[in-house]
Every structure is written in structure tokens, then in C-alpha cells.
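For reference, the structure discussed in these notes is given below.
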């Protein structure tokens, strides 16, 4: 029988949130498309674009955003009542593990075959990329007269596939699968119908330019499989890039939904988290700090005011969490093991790869309690190394109280995730629960008194 006491017996509102996340993911085949989609949503909500290369004019009550590299976006809303001047920030990321095309992207042979020359981007689960028709997406730099312009590109159809070796030629494949990334993971592009130069010609034709106008490209393999709501009770959402488009989406929805006149609310979606964030547009860069410093000056605050505001601020680092695996429960911690459908997860690690501490945990749990939203906890087994995320990295340039959270999912870094695989999976109900959590965060007036006390007003 259907468990009607469980949120998985989905309300119309919960289902709507899951389907809206699905639509968002379909519009974001690369980090460049993600930033463009977020920017469009911000503009439609009345936000003013502030180019980094121009002087900024910022006023109380205003809504603004900026971008860097076309792949990172930072937005902020300035309250009218800033007696307790501080920032309440969420940060997610828009990139996911995949394969990036090298500059010389075509490999001829053997025989009449044409393959694409790729390099892994991030911590992909290699086997999930085999035997799937794949598209291409990213940005293309095109010469237009005396200008070189950046164009978004998303192939109209699937154009490549990484073929498996038949079991007759590898009898040990089910015992040990360890593909070589230089030889085994080069996608098939043609079996003889295309010759060298065909890739640029194909891309150029879809962009409406000639091949000799294509100067360079940041191009990635894309799993174009549509997100799917599934299960006898429609409990599950599986999609590519749930890590971390799910958090990019829910934090954006919360940010746009709430008007807090007593703080500066900030939304970030960084690029390059999956490869360490050490780029000009990653969480390790100065992009967030630069944005806040420029905003501070434009508002007429002093340098001292800025540092006081940072000390009283809070960052919620939003990057998905590992749910308890139904077939491998032994890989989870004995107690800190979140489940699908249980709500947002607070992540903690003694090595500070997750930078949650007792102070930031207390703030976030209090926000969730006030909102009546369930919260779970995650920690790695003590004998297993875990991953890292945005909070500890961004704190190297902007030090403030930070809690690491995420939506629980299966198959993280898969080609499809059930909520981080090439197809990842999460619980459909966790999408709405996560939006509710972050609405509560943006709506709260958080008063931080050093490391001694916190007040929620």
C-alpha cells in the first residue's frame, strides 16, 4: 500500500517543483548555458546586470547581478534597513563531471573511423558513459569581422558514442572494469561518412557561420537523456547533472522568492568545482569577494564597515550529499547516513573538507526548526576519504561562518544521477523541501555576535 504519511506521496506542489528542476536541467547542458539561464531568470525578476569591466551604481532596495567568464554568476539584493549590515549567502556550482574536447579534437582511424579526442573533466564514473548516444555543448569563439564573439552551442542531436568492447573480447569485464582514458574513452564520431575538419564544419553550420570563423571552443560531451520522474509512487527523479544543478536551482528559487529588507542576500553559482575550483571563475577565485567589496563601496560603506559585515555574515554552501545506498549500506557511516526523501542534509568532516562546525550547524538547524523543515546529517566513514565542496575553498578568500549542505542523491558523478551520475537520482520530494529550507535561510534575520552567540529574529 502507498504510505500516505510520507512526503513521497506527492502533493501537486512537490511534483511541480521536481518538474521545474527537470526543465531547468534540460536548459543547462554546460556551465555556460547554466549561467545564461540563471541570468535570464534574474533579468526577468528585475535584476540589473553589472558588468565587471564597468563602474557600478548600487542602491539600497536594488537587485543586481554580475558574471565572470560567462560561467559563474553572483547576484545580490540590497535591503533598505541595514542597521545590522551583513550578508546571507548561498553558493552552488553549475559544472558536472564529463569529457572535454581537446583543441585538436579529431582522431582519424583506425580504418575509416573518426573519433573525438577528449579528456576527462572532474571525477566521472567512466563506465556510465559507455554505449550512450552523446551530444556536444559549450561555447564557441567566432570571428565576426574585427570582433571575436562568444556563442553558446548545444548540438541539435546526439553526435557521438563511446562503445563498449564485446564480452567475447574481454571475458573479465564483469570482474574488473578499468578503461584506459587515452585509448578506451574516445567517442566514435563517424564510420567513414565524415573526414578531418567535419567537427568544426558541423558546429559552424549549426551556429550559422563558416568553419573558418571558428577560432576556439570549450566543448563538452553531454548526456542529452531527459530527466525522468519515476517509481510506482513517483518518488524518484533521475537526471544528468543533479550534482549540482539541483542545488543551483533550489537556491535560486529560494533567493528569488524571498525579500529580506534587513540584510544583503547573495546568490552564487560557481564554475569549475568538479576540477578543484582553482580558476578565475571558481570558488577559489576572488569573484565573490570582488563582488561584495565593489558593492560595499558603491553603497557608501567604509572598508571597516565591510570587514564588520563579513564577520557577521553566513554562507550556506549547497552541493549534493550521498544518500544511503540500498545495496551497499556498509559504505555509509553507522549513524550519519541520510536517506532519499528525508530532506536537506548537513555535511560535516573533521578534516574540514566540509567546513560545518558546531556554530554554523546550530544556526542552520535553528533556521530549519523555525521553518518546520526536516534535516539530516552526513559524515564519511572514518576509514574512507570523502570529497570536497565550495565552502572550505571560498573561505580561503572570504572567511565567514559556513555550513555545508546538500540534497541526498544516488550515483553521484554518474552520467545520470538519481539526484550525481551521468544519470543521478534523488527523491522528488527533497526538491521542494530544499527550496523551503533555503527560503527560511534567506528570510531569517541572523544576528551573529562573534563566536559567542546567535540570534534569529
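Annotations
- Only one entry of 370, 440 meets the criterion of being modelled with pLDDT of 80 or more, over 23 Å from residue 350 (Cβ atoms), surrounded by fewer than 19 Cβ atoms within 10 Å (Cβ to Cβ) and touching a helix residue (DSSP H, G or I) at 6+ places or on another chain (Cβ under 9 Å), and that entry is 370.
- Of the residues examined, residue 243 is one that is at pLDDT below 95 and either touching a strand residue (DSSP E or B) at 6+ places or on another chain (Cβ under 7 Å) or in the same structural domain as residue 82 (by TED's automatic domain parsing) (or both).
A quick yes/no check of all residues on (1) part of a loop (DSSP other than H, G, I, E, B); (2) surrounded by 15 or more Cβ atoms within 10 Å (Cβ to Cβ); (3) touching a strand residue (DSSP E or B) at 6+ places or on another chain (Cβ under 6 Å):
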| residue | (1), (2), (3) |
| --- | --- |
| 342 | yes, yes, yes |
| 351 | yes, no, no |
| 360 | no, yes, yes |
| 363 | no, yes, yes |
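- Residue list for the stretch 212-229, filter: touching a helix residue (DSSP H, G or I) at 6+ places or on another chain (Cβ under 9 Å) and in a strand (DSSP E or B): 214, 217, 218, 219, 220, 221, 228, 229
- Of all residues in the stretch 48-67 being in contact with a strand residue (DSSP E or B) (Cβ under 8 Å, 6 or more places away or on another chain) and farther than 21 Å from residue 301 by Cβ, the one that is surrounded by the fewest Cβ atoms within 10 Å (Cβ to Cβ): 51
- Verdict on residue 203 being under 22 Å from residue 148 (Cα atoms) and touching a helix residue (DSSP H, G or I) at 6+ places or on another chain (Cβ under 9 Å): yes
- Scanning the stretch 136-145 for residues that are farther than 13 Å from residue 200 by Cβ and surrounded by fewer than 18 Cβ atoms within 10 Å (Cβ to Cβ) yields 144, 145.
- Within the stretch 399-422, the residues that satisfy the criterion of being in contact with a strand residue (DSSP E or B) (Cβ under 8 Å, 6 or more places away or on another chain), modelled with pLDDT of 80 or more and either over 26 Å from residue 236 (Cβ atoms) or assigned to a loop (DSSP other than H, G, I, E, B) (or both) are 400, 401, 402, 403, 407.
- Of all the listed residues (265, 285, 238, 251), the sole one being buried (at least 22 other Cβ atoms within 10 Å of the Cβ) and assigned to a loop (DSSP other than H, G, I, E, B) is 285.
The values are calculated or read from the model by the stated rules, or taken from the named source; none is laboratory data. No experiment lies behind these values; they were computed from the predicted model shown. Every residue, glycine as well, gets a Cβ built from its backbone with ideal geometry; the counts of neighbours run over all protein chains shown.
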